[in-house]
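Here's the structure we're looking at; comments come further down.
The values are calculated or read from the model by the stated rules, or taken from the named source; none is laboratory data. Predicted model, so just to flag it, every value in this text is computed and none were measured. Backbone-built Cβ (ideal geometry, glycine too); neighbour counts: all protein chains shown.
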Amino acid sequence: MKHRISFLAVCALVGSQAFAGGYQVALQGQRQIGMAHTGVGLAYDASSIFFNPGGLSFTKTNNLTFGGSIIRSRVRYLAPQDANAPSDYSTMTNSPLGTPFSFYASYGPKESNLKFGLGVYTPYGSSVKWEDDWKGYSVLQSLKLQSIFIQPTVSYKITEKLGIGVGFVYAIGSVELRKGIGSLSGADGFSSALLQGDASGMGFNAGIHFQASDKLTIGASYRSQVDMKVEGGDATFKVPPSTISPLGLFPAGGATKFDATLPLPATATIGLGYKVNDKFTLALDYNYVFWSAYKELKFDYEKPVNGSTSTASPRKYKDASIIRVGAEYMATEKLAVRAGYYFDQTPVQDGYMTPETPDANRNCFTLGLGYKITDKFSADASFLFIEGTEREQKQSDIDANSAAGVAGGGKSSQDSFLAGTYKLRVLIPGLSLSYRF
């Protein structure tokens, strides 16, 4: 039980049914989403603050852009099948809608090679809710996450063909998680744990933009790892009095504080933009995400929980890639039509899936429209459909991973995971408005 509470407390910082591999959320620009979230090799507007700060110096006007998306995600769970005891148990999440947003502002004197920008966006944040009494209630019932990244940026065009840029990232967030404690349930209902905390971290985003020819642009960017730290998070337990200290599992008063750190991994990207003609543009991005930084979760408690003030849980994520291909076609002088596809490789190895991140390889399809309302105002809409590969988590893999951890001097981690088959599907419409000046 102690191990489960520890793991979930910080996993909730960036968890839920995330919309890129692991626990990323790739929704930082509506124009780009319509083109499979490509943008590192392009320099369209102030959203380059996120995609490639080096491209900001190539934008032709000052710009304000505000956009948001509505996330509707569902995960289906099917209990393991056994030849001797077949199961027909299945359930599905009933999560509330997520509403990530992005705001970008850029400014530079006319004809200047120097541009300044500010980005405020939510790359991690959503919520997930399972039924309170579902099969995995002792692993997770619900979580809510809010996070905001704030990024002031400077970009400079060194020559007519080459630009560089860098931004400082300050991240803030909050989390609320609920789970049942099955072994302590009684006539008055499920015992439960509520974990709440604020988190923060710092990092940077840097990029280079190169205008290779009138048709071809090339970009490269690097977003650093951000270590999100929870300091003084609240862990509150609703449990029978017999489990409270000094003789039980939980601290006096049924509450304690905890500290923990979770790495948000670095991402390196190479992008190409190719203008086939005045109407048709193609884009290609390759993301490499350094998920291997997520080796384990370690937690420190102010008061002992189940006899210990510190726990660690192995994650052993592996580095993963995302390949994105997008296109934009100017149907008229004012109307742009967009489409794209990307393949998102999971970083989660067999036996390490959890109900808040039942991750699998994903096929992602995008559509988008852009309309120039006036010379200064424009609107962009996008639609993203994500289909996760059905993935089975076998009890034998969970057992093997746990045994290997014990053999290496760690503790059993079996109670952090739930065997079964998971299937993810996500629908995400979005809209943004831009003003040029």
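In table form, for the structure just shown:
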| item | result |
| --- | --- |
| Selection within region 149-174 - among the charged types (D, E, K, R) and part of a strand (DSSP E or B) | Lys157 |
| Scope region 50-64; condition in contact with a strand residue (DSSP E or B) (Cβ under 6 Å, 6 or more places away or on another chain) and hydroxyl-bearing (Ser, Thr, Tyr); matching residues | Ser57, Thr61 |
| For Glu296: the one exception among (1) more than 18 Å from Ser221 (Cβ to Cβ); (2) over 16 Å from the mean Cα position of the chain (by Cα); (3) in contact (Cβ under 8 Å) with a residue 24 or more places away in the chain | (3) |
| Region 388-403, residues that are assigned to a helix (DSSP H, G or I) and either of a type in the set (Ser, Thr, Tyr) or out of contact with any helix residue (DSSP H, G or I) (no Cβ under 7 Å at 6 or more places or on another chain) (or both) | Gln395, Ser396, Asp397, Ala400, Asn401, Ser402, Ala403 |
| Residues within region 86-125 that are part of a loop (DSSP other than H, G, I, E, B) and among the hydroxyl-bearing types (Ser, Thr, Tyr), tallied | 8 |
| Which numbered condition Ile208 fails, given (1) in contact with a helix residue (DSSP H, G or I) (Cβ under 7 Å, 6 or more places away or on another chain); (2) β-branched (Val, Ile, Thr); (3) over 26 Å from Leu56 (Cα atoms) | (3) |
| Region 269-281 residues that are under 15 Å from Arg31 (Cβ atoms), paired with ones that are assigned to a loop (DSSP other than H, G, I, E, B) and not basic (Lys, Arg) (beta carbon under 6 Å, 6 or more apart) | Gly271/Val40; Gly271/Gly41; Gly273/Gly41; Gly273/Leu42 |
| Residue check for Gly55: buried (at least 23 other Cβ atoms within 10 Å of the Cβ), part of a strand (DSSP E or B), at pLDDT 95 or above and not basic (Lys, Arg) | no |
| Any hit, region 126-139, residues being modelled with pLDDT under 85, assigned to a loop (DSSP other than H, G, I, E, B), within 28 Å of Ser434 (Cα to Cα) and out of contact with any Pro (no Cβ under 6 Å at 6 or more places or on another chain) | yes |
| Test for Ala331: is it touching a Pro at 6+ places or on another chain (Cβ under 8 Å) and of a type outside the set (Asp, Glu) | no |
| Region 151-166 residues that are over 21 Å from Arg223 (Cβ atoms), paired with ones that are assigned to a strand (DSSP E or B) (beta carbon under 7 Å, 6 or more apart) | Lys157/Gly163; Ile158/Ile164; Lys161/Phe210; Lys161/Gln211 |
| Which numbered condition Ser47 misses (of (1) at pLDDT below 95; (2) among the polar types (S, T, N, Q); (3) on the phi < 0 side of the Ramachandran plot) | (1) |
| Flag for Glu333 being in contact (Cβ under 8 Å) with a residue 12 or more places away in the chain, surrounded by fewer than 17 Cβ atoms within 10 Å (Cβ to Cβ) and not hydroxyl-bearing (Ser, Thr, Tyr) | yes |
| The lone exception for Asn277 - which of (1) at pLDDT 95 or above; (2) part of a strand (DSSP E or B) it fails | (2) |
| Tabulated pairs, region 239-260, first surrounded by 14 or more Cβ atoms within 10 Å (Cβ to Cβ) and modelled with pLDDT of 80 or more, second hydroxyl-bearing (Ser, Thr, Tyr) and assigned to a loop (DSSP other than H, G, I, E, B), C-beta under 8 angstrom, 6+ apart or interchain | Pro251/Ser245 |
| Residue list for region 361-385, filter: farther than 30 Å from Tyr435 by Cα and either of a type in the set (Lys, Arg) or crowded, with 17+ Cβ neighbours inside 10 Å (or both) | Arg362 |
| Single unsatisfied condition, Gly119 versus (1) out of contact with any helix residue (DSSP H, G or I) (no Cβ under 6 Å at 6 or more places or on another chain); (2) crowded, with 17+ Cβ neighbours inside 10 Å | (1) |
| Filter result for the condition that a residue is out of contact with any Leu (no Cβ under 8 Å at 6 or more places or on another chain), surrounded by fewer than 16 Cβ atoms within 10 Å (Cβ to Cβ), of a type in the set (S, T, N, Q) and under 28 Å from Arg223 (Cβ atoms), over Asn113, Asn205 | Asn113 |
| Criterion violated by Leu143 - all others in (1) at pLDDT 90 or above; (2) closer than 21 Å to Val25 by Cβ satisfied | (1) |
| Given (1) assigned to a loop (DSSP other than H, G, I, E, B); (2) within 16 Å of the chain's Cα centre (by Cα); (3) of a type outside the set (Lys, Arg), index of the condition Gln146 fails | (1) |
| Residues (part of a loop (DSSP other than H, G, I, E, B) and over 30 Å from Tyr294 (Cβ atoms)) located in region 200-248 | Ala212, Ser213, Asp214, Lys215, Val239, Pro240, Ser245, Pro246, Leu247, Gly248 |
